[in-house]
């Protein structure tokens, strides 16, 4: 597989350019020669090995000397021997306990340091059993040890890198176990030795040819800008195709965005929005729509009843009387009515709104003529919840009032919806049935993707409805089944998904 | 919507010719019917009927009759209907109604058929028609129940009366032994299904012949003897009992016309009532009771949006199987015996519309200028949504119904002021939400695996009890938003609340809240224009635990209607 130079990290680039084919590549070397931190170096090795640019040649076991806390204190304060020597030189002869006390050392440490120095003839014990100086300077071994603790403080010392002399001395003050009492701890480490592969060599040549050095500028910072240090330098070029990290953003729910789109569409067609409460009376939910009170569609199993208060206090007049008469004998609507005795108690029974047409009916008493109205209303049905039935759902409904509206303008309106809202290619009208409209029309459309389906129902409000609610002109009433289109728009096939509580699913959901 | 199954052979015989599937699809809309399927192996066509006011279409014969006339056939003339002026001779076929049934199930109608043995298709169709009519039109036998009997076993006059449920016994269909009427409603499957219609009455409806041999216990079950009709029977007696006389007469007419179309002779039966009915004390059935109906041609033209003259109206109605005449700029129709759905002139207009063919009505674009406008609440919500999205919140949409567990128990709430459903389908949908908070917490509880932070919101409706309202309830537009993350708390949410109200240009005050849903001392009530407009804070760990949430969560809920008004 070809490697894009842009996918190389600056650490890899610099390393590749630095080494030659056949050379041994080790952490120590790179740390030393390229001034990498050990971690950076290991990272670069792992990346390059992953890309088959370098390969493992062998593993060496290496002995390391790590400075202990004691060693660190020797570095700061000096070795006991050194300190004793200085004390004696400055203050004159002292007894061993005196030395221990002034330097804050343990007696045995003083003893062992004295032992060493007296062996090399630097210190000696006088007749008063006091320690006195026998030479002007410390032995060379102390200088070597001081040098070792100093170097050992930045990084562990590798045995392979120590001189013969240094090795001799460091061994004397190091321990493998119980190292707390020694300045150095001895440990062993495996060192991997790499060499450049053929692929690595090829890449190296490419890098040299391209002039990419790994010293290019990374992120542009305010500092680089304020100092102008970018001048004359190259910028590291990024792999623009590498996948970006994910971002969480504030966002509309795509289903609601779709409903908003439908609303805006209807507004643009001259419709004014209406809205209403979730709790309705049987009066508005059914009676006002001229559904006989004891119609099978109104049996208890189709609507949700409110437990308490079970009945509204009153129903708006004169509409109650007018609707009641329309049911009984037609009132002044020209109808013979249903011919039964209207139940004034039942009509106040409270339900959860089961159809959007309720809002159309409630709009009639205050509607302008000519006027166009619509609403997207949350409705509730007593249904088993499944992929095609929700406990609550939206219905899109509306009305058009006007002296001149008629069947043909209704068909025109439906055609406009079919084209504008559903993107339909063909429209077909078939007679329909709704208790509150006569004539009633269903509009079927041929959708580019879904084929033929019923887009909605419509009709001209029965005079028993419109006249009883104070309107003397014809009223076109329509409802659109937009959920099906919404599902398609969202790439879903289950109505329950529209109201999912799952955050991730909503985050990932997109509308077309 | 009723669905029927028609035997293809008999359906096409009624239609006078065979139709392809495509032809059926084209013609069915005339009867507001839809082709549901066609089982070629069984020869069964499945059809859905959409007009609940046209029960005459819910049978093979009835649907075929409508389609046949639309295709140019003549509407049949039925010569066996008595009416207010003319009564046919019912011979010995009389049903006597007793006074003691008036309060329970006062009406019975009936007729007999003869002329040829009943074949299997007719019997099947008759049973189906009975089921559909009694279920959909007769409100599950409450207002109409129908029984069919072997007429040869009956000695007229038949008696219809209220019977003591413990004293009267007979062997019902599907059983071997005699049961009392009360035992039937307790033990028989049909008794358990339909018994409740009469169970609370002192006397149960009962039909016997003149010797006391049992016909049936309507609306529940027939006797196993007289009521067990079989293929090959030549004489049948059909009765219908119920509470609405006109509906019963109409249903009897529908069944009689269907059977006449199938080639049977209809024999009238006289019903003798001891009390007055709207058609007198003696009614000979089938009985034509419909009043003539009319529509002004001007009215027809106005609603259809084009000029319709008398001839055009008459022709269109003829295709619908309706005879009519034109007089003085109005069309007068003779309502067919099997229909009673002409309440208003608009009902005639619809038949003219269909009779003319839907393809002959040309759409025109509405051209009246009206102003489109959103509700002020919607406009306000849209502005708030923009701010929430700017704050980084994902919009959610939730169901408005939920359970006691979610809305009350998990929320450390008493449930005061919540709207409860009297007839819940399941305990999962028993309450209307009075807060968006449970939905937000449900989201958090199911989204533990989604990358944090979680910042979500919804603007939607809630409802709660409000005694000052006529309905005793109020519906409001609420904003709810929730933030959940390892370092989420009161302060972050406070900043967000402040941003929303700053950009909506509303002054507000905060007051420490003691709402048990929040951690004490880390929740505030929001006041706008002196009214309590909402609450926010850190959700109480006990609530989080109830929802199985293991992430600090803070929620704010604001009443947008109040905030909108306090401008």
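The values are calculated or read from the model by the stated rules, or taken from the named source; none is laboratory data. Computed from a predicted structure; not experimentally measured. In this analysis, Cβ positions are derived from the backbone assuming ideal geometry, glycine residues included, and neighbour counts consider all displayed protein chains.
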**OP:** Go through the range B:89-128 residue by residue and tally those that are buried (at least 20 other Cβ atoms within 10 Å of the Cβ) and at pLDDT below 90.
**Re:** 2
**OP:** Just one of (1) loosely packed, with under 12 Cβ neighbours inside 10 Å; (2) out of contact with any strand residue (DSSP E or B) (no Cβ under 9 Å at 6 or more places or on another chain); (3) more than 27 Å from residue A:186 (Cβ to Cβ) trips up residue A:92, so point out which.
**Re:** (2)
Original post:
Which one of the conditions (1) in contact with a strand residue (DSSP E or B) (Cβ under 9 Å, 6 or more places away or on another chain); (2) within 26 Å of residue B:408 (Cβ to Cβ) does residue B:509 fail to meet, given that it meets all the rest?
Top reply: (2)
**OP:** Please determine, by comparing only the residues of the range A:229-259 that are in contact with a strand residue (DSSP E or B) (Cβ under 8 Å, 6 or more places away or on another chain) and more than 14 Å from every other protein chain (Cβ to nearest Cβ), which one is nearest to residue A:6 (Cα to Cα).
**Re:** A:236
**OP:** Would you please name the residue that is farthest from residue A:441 (Cα to Cα), looking only at residues in the range B:336-351 that are at the interface with another protein chain (Cβ under 9 Å from one of its Cβ atoms) and more than 24 Å from the chain's Cα centre (by Cα)?
**Re:** B:345
**OP:** Exactly one condition in (1) within 14 Å of chain A (Cβ to nearest Cβ); (2) surrounded by fewer than 20 Cβ atoms within 10 Å (Cβ to Cβ); (3) modelled with pLDDT of 95 or more is not met by residue B:66; state its number.
**Re:** (2)
Original post:
Could we say that residue B:57 is under 22 Å from the mean Cα position of the chain (by Cα), within 14 Å of chain A (Cβ to nearest Cβ) and surrounded by fewer than 18 Cβ atoms within 10 Å (Cβ to Cβ) here?
Top reply: no
Original post:
Would you pick out the residues in the range A:330-348 that are crowded, with 22+ Cβ neighbours inside 10 Å and within 10 Å of chain B (Cβ to nearest Cβ)?
Top reply: A:333, A:335
**OP:** Could you tell me which residue of the range B:370-389 is nearest to residue B:555 (Cα to Cα), considering only residues that are free of Cβ contacts under 8 Å to residues at least 12 places away in the same chain and facing another protein chain (nearest Cβ under 7 Å)?
**Re:** B:389
**OP:** Please specify each residue of the range B:390-431 satisfying the condition of being within 10 Å of another protein chain (Cβ to nearest Cβ), farther than 24 Å from residue A:381 by Cβ and in a helix (DSSP H, G or I).
**Re:** B:390
Original post:
Looking only at residues in the range A:479-499 that are in contact with a helix residue (DSSP H, G or I) (Cβ under 9 Å, 6 or more places away or on another chain) and within 12 Å of another protein chain (Cβ to nearest Cβ), which one is farthest from residue B:36 (Cα to Cα)?
Top reply: A:499
**OP:** Check residue A:476 against each of (1) within 13 Å of chain B (Cβ to nearest Cβ); (2) under 26 Å from the mean Cα position of the chain (by Cα) and name the one condition it does not meet.
**Re:** (2)
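Residue by residue, here is whether (1) within 25 Å of residue A:18 (Cα to Cα); (2) surrounded by 11 or more Cβ atoms within 10 Å (Cβ to Cβ); (3) in contact (Cβ under 8 Å) with a residue 40 or more places away in the chain; (4) under 45 Å from the mean Cα position of the chain (by Cα) holds:
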residue	(1), (2), (3), (4)
A:152	no, yes, yes, no
A:157	yes, yes, yes, no
A:169	no, yes, no, no
A:185	no, yes, yes, no
A:202	yes, yes, no, yes
A:213	yes, yes, yes, yes
A:242	no, no, yes, yes
Original post:
Which members of the range B:352-369 meet the condition of being assigned to a helix (DSSP H, G or I), more than 7 Å from chain A (Cβ to nearest Cβ) and surrounded by 16 or more Cβ atoms within 10 Å (Cβ to Cβ)?
Top reply: B:352, B:355
**OP:** Determine which single condition residue A:327 fails, assuming it passes every other condition in (1) more than 10 Å from every other protein chain (Cβ to nearest Cβ); (2) part of a loop (DSSP other than H, G, I, E, B).
**Re:** (2)
Original post:
If you check residue A:470 against the conditions, is it in a strand (DSSP E or B), in contact (Cβ under 8 Å) with a residue 60 or more places away in the chain, surrounded by fewer than 24 Cβ atoms within 10 Å (Cβ to Cβ) and more than 14 Å from chain B (Cβ to nearest Cβ)?
Top reply: no
**OP:** Could you name every one of the strands (runs of 3 or more DSSP E) located completely within the range B:226-295 that has at least 1 residues being within 14 Å of another protein chain (Cβ to nearest Cβ)?
**Re:** B:236-242
**OP:** Out of B:144, B:154, report the one residue that is touching a helix residue (DSSP H, G or I) at 6+ places or on another chain (Cβ under 9 Å) and buried (at least 17 other Cβ atoms within 10 Å of the Cβ).
**Re:** B:144
Subject >> Scope the range B:456-470; condition at the interface with another protein chain (Cβ under 7 Å from one of its Cβ atoms), closer than 18 Å to residue B:388 by Cα and crowded, with 22+ Cβ neighbours inside 10 Å; matching residues >> reply: B:456
Subject >> Unmet requirement for residue A:304, which otherwise passes all of (1) within 7 Å of another protein chain (Cβ to nearest Cβ); (2) over 21 Å from residue B:420 (Cβ atoms); (3) in contact with a strand residue (DSSP E or B) (Cβ under 7 Å, 6 or more places away or on another chain) >> reply: (2)
Original post:
If you scan the range B:70-113, which residues turn out to be assigned to a helix (DSSP H, G or I) and touching a helix residue (DSSP H, G or I) at 6+ places or on another chain (Cβ under 6 Å)?
Top reply: B:70
**OP:** Identify the residue in the range B:15-33 that is under 21 Å from residue B:258 (Cβ atoms) and not in a loop (DSSP other than H, G, I, E, B) and, among all such residues, is nearest to the chain's Cα centre (by Cα).
**Re:** B:33
Subject >> Condition check for residue B:203: surrounded by 15 or more Cβ atoms within 10 Å (Cβ to Cβ), within 23 Å of residue B:98 (Cβ to Cβ), touching a helix residue (DSSP H, G or I) at 6+ places or on another chain (Cβ under 9 Å) and without any contact (Cβ under 8 Å) to a residue 40 or more places away in the chain >> reply: no
Original post:
Out of the residues in the range B:308-335 that are away from every other protein chain (no Cβ under 12 Å) and in a loop (DSSP other than H, G, I, E, B), which is surrounded by the fewest Cβ atoms within 10 Å (Cβ to Cβ)?
Top reply: B:328
Subject >> Selected residue (only one of B:200, B:222 is in contact with a strand residue (DSSP E or B) (Cβ under 7 Å, 6 or more places away or on another chain) and either farther than 30 Å from residue B:343 by Cβ or assigned to a loop (DSSP other than H, G, I, E, B) (or both)) >> reply: B:222
